[in-house]
Amino acid sequence: MRPLISHPHYYTTCQDWARAFNCQVHIHADDREWLMRPDPHLHFWEGESSVLADGVTLVRLGGHYPGGAVLHWAAGANGQGALLTGDILQVAMDTRRVSFMWSYPNMMPLSERTVRQIADTAASWRFERIYGAFPGRNVMADGNAAVERSAKRYIELLNER
């Protein structure tokens with residue numbers, strides 16, 4: 001078992017999980033400052049992606065934390081690819097769309113530049129589905145287009161006067 005934790009909201013007890021399951025927890029090095037307790041089970045990775053296994057890759061998208069990461073599963077969705085995103089790409093109530101936020105609790109948006117960077121990075125990976133953080137909040141078809149369409153609309157709304 002080699003779990004990924006996408007960003008600091010989930011870091012509070014990750015050392016305990018790692019010990020309980022006797023596994024490494026993969027966390028992007030950009031978020032190292034958010035870990036309050038060192039532990040030999042924590043693995044900090046760097047760069048834009050990190051291969052965990054054949055067809056299973058961690059991808060840094062950033063967003064509301066610099067090291068915000070998703071997992072790309074190439075064989076997911078019957079070989080069409082899947083992203084497991086937590087709330088880095090938040091699947092919206094309209095599950096054909098995703099959203100991007102700097103702070104979800106305070107409803108503070110990300111900048112145009114950051115949203116464009118997230119969308120451009122995601123576009124370099126092929127995925128049909130997006131599995132979000134909450135039950136029933138999954139994009140079940142046309143995942144790449146959902147991210148691009150959502151980013152375009154988000155940026156349009158940021159720039160409206």
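Quick test of your reading of the structure: G63 fulfils all but one of (1) more than 27 Å from S99 (Cβ to Cβ); (2) in contact (Cβ under 8 Å) with a residue 12 or more places away in the chain. Name the failing condition by number.
(1)
So, in region 103-131, of the ones that are of a type outside the set (S, T, N, Q) and within 14 Å of G68 (Cβ to Cβ), which residue ends up modelled with the lowest pLDDT?
Taking region 103-131 and keeping what is of a type outside the set (S, T, N, Q), we get 104-105, 107-110, 112-113, 115-116, 118-120, 122-123, 125-131.
Applying the additional criterion that residues be within 14 Å of G68 (Cβ to Cβ) yields 104, 110, 115, 118-119, 122.
Details: Y104: 84, L110: 96, V115: 97, I118: 98, A119: 98, A122: 98.
Looking at the filtered set, the residue picked out is Y104.
I need a count of the residues in region 3-31 that are under 20 Å from Y65 (Cα atoms) and either modelled with pLDDT under 75 or in a loop (DSSP other than H, G, I, E, B) (or both).
Let us first name the residues in region 3-31 that are under 20 Å from Y65 (Cα atoms), namely 3-15, 25-31.
Now drop any that are not either modelled with pLDDT under 75 or in a loop (DSSP other than H, G, I, E, B) (or both), which leaves 3-13.
Residues in region 3-31 being under 20 Å from Y65 (Cα atoms) and either modelled with pLDDT under 75 or in a loop (DSSP other than H, G, I, E, B) (or both): 11 in total.
Given the condition crowded, with 16+ Cβ neighbours inside 10 Å, under 20 Å from R60 (Cα atoms) and among the small types (G, A, S), answer yes or no: does some residue in region 148-157 qualify?
Yes, because at least one residue in region 148-157 is crowded, with 16+ Cβ neighbours inside 10 Å, under 20 Å from R60 (Cα atoms) and among the small types (G, A, S).
For P66, all conditions in the list (1) buried (at least 17 other Cβ atoms within 10 Å of the Cβ); (2) of a type outside the set (A, V, I, L, M); (3) assigned to a loop (DSSP other than H, G, I, E, B) hold save one; what is the number of the exception?
The single condition P66 does not satisfy is (1).
The values are calculated or read from the model by the stated rules, or taken from the named source; none is laboratory data. Everything quoted here is computed from the prediction, not taken from an experiment. Cβ coordinates were reconstructed from backbone atoms using ideal geometry, including for glycine residues, and neighbour counts include every protein chain displayed.
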